[in-house]
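Heads up, the thing below is written out as structure tokens.
The values are calculated or read from the model by the stated rules, or taken from the named source; none is laboratory data. Given the structure is predicted, the values throughout are model-derived calculations rather than measurements. Cβ placement follows ideal geometry from the backbone for every residue including glycine, while neighbour counts extend to all protein chains displayed. We work out accessible area using only protein heavy atoms, side chains counted, and drop any ligands, DNA or RNA first. Shrake-Rupley method; radii C 1.70, N 1.55, O 1.52, S 1.80 Å.
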Amino acid sequence: VSGIFGQQTPDYRSILSISDEAARAQALNEHLSTRSYVQGYSLSQADVDAFRQLSTPPADPQLFHVARWFRHIEALLGSPCGKGQPCRLQASKGRRVQPQWSPPAGTQPCRLHLYNSLTRNKEVFIPQDGKKVTWYCCGPTVYDASHMGHARSYISFDILRRVLKDYFKFDVFYCMNITDIDDKIIKRARQNHLFEQYLEKRPEAAQLLEDVQAALKPFLVKLNETTDPDKKQMLERIQHEVQLATEPLEKAVQSRLTGEEVNSCVEVLLEEAKDLLSDWLDSTLGSDVTDNSIFSKLPKFWEGEFHRDMEALNVLPPDVLTRVSEYVPEIVNFVQKIVDNGYGYVSNGSVYFDTAKFASSEKHSYGKLVPEAVGDQKALQEGEGDLSISADRLSEKRSPNDFALWKASKPGEPSWPCPWGKGRPGWHIECSAMAGTLLGASMDIHGGGFDLRFPHHDNELAQSEAYFENDCWVRYFLHTGHLTIAGCKMSKSLKNFITIKDALKKHSARQLRLAFLMHSWKDTLDYSSNTMESALQYEKFLNEFFLNVKDILRAPVDITGQFEKWGEEEAELNKNFYDKKTAIHEALCDNVDTRTVMEEMRALVSQCNLYMAARKAVRKRPNRALLENIALYLTHMLKIFGAIEEESSLGFPVGGSGTSLNLESTVMPYLQVLSEFREGVRKIAREQKVPEVLQLSDALRDDILPELGVRFEDHEGLPTVVKLVDRNTLLKEREEKRQVEEEKRKKKEEAARRKQEQEAAKLAKMKIPPSEMFLSETDKYSKFDENGLPTHDAEGKELSKGQAKKVKKLFEAQEKLYKEYLQMPQNGSFQ
């Protein structure tokens, strides 16, 4: 059918030719009344033209056919066309058309901002190459055990790396170095080697005392010259402990004690004077150490310890790890090009960076990160190293601000061949050469600790941009905040130096990471008992939520029963869930603000807990699908942060490494059966009034199962909740519960004892006849009347009226008590 009218039908032409609109409408209505109207009837252009000749729908109710079609066409095509304007359908002939569609306005997407030390502002993060991110992180100088300061930096960068990679989906290439050539390493390696040789000689007691006295002379000079309060305190402690250990050996030698007693004193002095003797031996014999293997043994050992510590902390290994000792040829070439570019100069076999020449260049600037620190000689000399700040070395520089790119090796130092003679790399050049070799002329992110900004990172920037002749070696510089110990700087002198291994003896890697997550990565973090207690409580809070959700999900339900109707409570919780996800996303975009994220997650769990408690109060099961979605989301976020180490589908893993999933899925069916059996036994015991069985049931819950890492939670009128919890956590909870109960018991016993004493005292008082109550108070009264009432005080003076009135009142009160005593059943028959 082509339409209500055909293009050339007589009816169509005759109707259009009617000039009067009312008459034309009447003719259209008569024509339509003879046609059957079917919903979805297709329209032709002739139909549209016929109806669009009308300016308005007819007012006559009898012309309802015309009015209906008029409104239908008007809805599709809008108001009637003006005179002389053609009206055309916007679709193929005979087809209804869809109304115009407009996209929603939407919201502006949140973009990741990072705090960039180069600008000291939060900047939009824009990688140079699409989603690929090149990242270099300064690694440790490996000469001693890794401490919590290292943990602060590497856990924080691990969190940032995981968030960029797993949340924002960047393709991160992460490079880290190991500094295994450094003044500290050289000095420590020599000291260890020389002290081991000294021990092998087994010095006699007299010789040891003589050596200690010789070592004390330069040590005391150093002590007097030291101005740093922390270092001075540490040196004073060493001096004190050496003196305490020296005195017993001197007395033993003078008293000619037995060899065993003397040897015992020798061992104590060797232990206390190790640092003192090592430093002395190094100053006298250090230049004789020539074997390069001595300088590689120490860093190799401590590098292994560092990697084990990082693995224990669940820190992801770098994509590539560089060691300075393996990149010496690249470092030499790097230094040579800096010299060729005019920014370095050779002096006595060493090569120095010309900071004045670099700073005067139009395309370069020195001190990008901390310009106010340029010229700080103390910081610059710390950056050069203890072995590189002698007067002869400092005199080699054109300016005190210049720094070493390559150091000519002295006797007792490792060396490698180069165009300027045998030497070794400077500290700053190491990172530039290694990062430049792997990441090229410009990287996206460079990371390190806050204390590395000047001079280390500023010097890295200068020499790298001198090499590449650019001004953009690093696009974003990220620096993690300091770590303090209970509000104090971590220092051996303050005896608050905490190694990572020591920290992991007290707290788990997850608890340490949670503590870091609860603070900003770029601000100072105080490692204290309060900080860790907050992390422990947060972990417990989340874990209880996960265990409760797991219990809900274990409840048997058929395949259709898992989808339940939502009420207002579910809709409200779901809205809160999405609101929290938005807030978490915004926080992560805001410089990866994990502190806010953790608070939003806590608030979300609190809302879930309120929802579950409300359902429990009315004896209804919570909506399992909704709670599962929330728990899975929280699990996903904790995995991104590295707070869940293993493949756990929901919540924190249970049991040891690699056993979590198998343990829970294996034992839970048996525990569920045990719980149901126990519940049945308890029901019968209550009905039959068998308290011994109830006591056994409670003992199973309180004493036996916690030893196995199982918690049974009994709730009146509801099934027992079964939870797999860390055994040590349960035993700690049990001990705390017992302590609370013991405290209550002691308080109850003390209250009962006091009450008994008060009653005994009252009874003893009641037993006294009123005539005898004042007779024993001879220190107050000297004469009494026939009833035992005092009449005169101790000095023989007659009592005043007021005094007499007072004692009489006391007498009458005792008379009343005594009558009560006589009326007591146990006393009446005996009186």
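Along the stretch 67-75 the Karplus relation, 6.51 cos²θ - 1.76 cosθ + 1.60 evaluated at θ = phi - 60°, assigns HN-Hα couplings of 4, 5, 5, 4, 5, 5, 5, 5, 5 Hz to successive residues, with x for each Gly and Pro. Of all aspartates and glutamates in the structure, those lying under 15 Å Cα to Cα from residue 765, and not within fewer than 8 positions of it along the same chain, are 757, 777, 812, 815, 820. Remark: the stretch 117-215 projects, on average over all directions, an area of 10.6 nm² (convex hull of Cα atoms). Length gained on full extension, residue 778 to residue 75: 241.3 nm, using 0.36 nm per residue less the C-alpha separation. So what's Rg/Rh here for the chain, counting alpha carbon atoms and using the Kirkwood radius for Rh? Value, to two decimals: 1.22. Most tightly packed first, judged by the mean number of other beta-carbon atoms within 10 Å of their residues, the peptides 149-161, 594-606 read 149-161, 594-606.
Extension gain, residue 536 to residue 786: 0.36 nm times the residue separation minus the Cα-Cα distance gives 82.4 nm. Taking one quarter of the surface of the C-alpha convex hull of the stretch 183-299 gives a mean projected area of 8.0 nm². With the simple model of a label 7 Å out from the Cα in the direction of the Cβ, residue 108 to residue 579 spans 2.4 nm. Per residue, the convex hull around the alpha carbon atoms of the stretch 665-725 comes to 73 Å³. Based on alpha-carbon atoms, the Kirkwood radius and the radius of gyration of the stretch 528-653 give Rg/Rh equal to 0.98. 3J(HN,Hα) along the stretch 407-412: 10, 5, 6, 8, x, x Hz, from the Karplus curve 6.51 cos²θ - 1.76 cosθ + 1.60 with θ = phi - 60°, whole Hz, x for Gly and Pro. Looking at the chain, the accessible area is 54 square angstrom per residue; that uses a 1.4 Å probe and ignores ligands, DNA and RNA. Using the Cβ-Cβ distance between residue 224 and residue 308 with R0 set to 41 Å, the FRET efficiency from 1/(1 + (r/R0)^6) comes to roughly 0.50. So what does the Cα-only Debye profile of the stretch 304-426 read at q = 0.11 Å⁻¹, as log10 I(q)/I(0), no solvent term? The computed values of log10 I(q)/I(0) come out as -0.48. For the chain, the fraction of 1.4 Å probe accessible surface lying on carbon and sulfur atoms is 52 percent.
The simple Förster model, with R0 at 35 Å and r as the Cβ-Cβ distance, assigns residue 389 and residue 733 a FRET efficiency of 0.05. When peptides 406-417, 520-531 are ranked by their average number of other Cβ atoms within 10 Å per residue, the highest-first order is 406-417, 520-531. Stretching residue 319 away from residue 693 to a fully extended chain increases their span by 128.6 nm, per 0.36 nm per residue minus the current alpha-carbon distance. Annotation: amide H of residue 443 within the under-5 Å range of 474, 475, sequence separation 5 or more or interchain, hydrogens built in the peptide plane. From the alpha carbon centroid of the stretch 180-208 to that of the stretch 712-761 is 58 Å. In terms of packing, defined here as the mean over residues of other Cβ atoms within 10 angstrom, the peptides 609-622, 418-431 line up highest first as 418-431, 609-622.
Close amide-amide hydrogen proximity is noted between residue 172 and 133, each under 5 Å apart and 5 or more residues distant or on a separate chain (H modeled in the peptide plane; Pro and chain starts excluded). Ordering 304, 193, 778 by the projection of their Cα atoms onto the charge dipole of the chain, which places +1 on the Cβ of Lys and Arg and -1 on the Cβ of Asp and Glu, puts 778 at the extreme positive end. Close amide-amide hydrogen proximity is noted between residue 481 and 522, 523, each under 5 Å apart and 5 or more residues distant or on a separate chain (H modeled in the peptide plane; Pro and chain starts excluded).
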